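Worksheet: one structure, shown below.
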Amino acid sequence: MLKIHFFAQFFVHSSMKFWINSGYNFHSLTLLEEDKLLLLVDGMSREDIIEWLSWNDPNGIYKDEHSLKELGNTMTREEGLEILLRQVGENRIII
């Protein structure tokens with residue numbers, strides 16, 4: 001049980017670090033002005049991008065294990081960033 005707790009704690013700390021430190025949540029990307037969005041995503045790692053894409057499009061193939069199985073390769077940070085920016089634009093909320 002201790003191993004599982006440690007792993008879960010490590011996973012949350014390593015995978016959510018960007019979102020915790022930035023003060024933004026997944027949904028808030030669609031609320032940002034374009035210049036602020038570009039500054040924010042510049043600090044995102046490939047893993048952060050995959051996390052957001054997986055949240056935004058749960059049926060998409062973004063995670064490495066699924067991508068390797070279905071497509072035979074993994075997504076680069078640049079490819080992920082391009083997809084993220086397109087999806088944010090499609091989901092943008094104009095206030």
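What's the Kirkwood radius of region 25-88 in Å, using all Cα pairs?
That comes to 12.1 Å for region 25-88.
Given 0.36 nm per residue, what is the gain on full extension from Leu38 to His66 after removing their alpha carbon distance, in nm?
Stretched out fully, the Leu38 to His66 stretch lengthens by 7.3 nm.
All of the numbers you see were taken from the coordinates with simple rules; none came from a lab. Keep in mind that what you see is a predicted model, and the values were worked out from it rather than measured.
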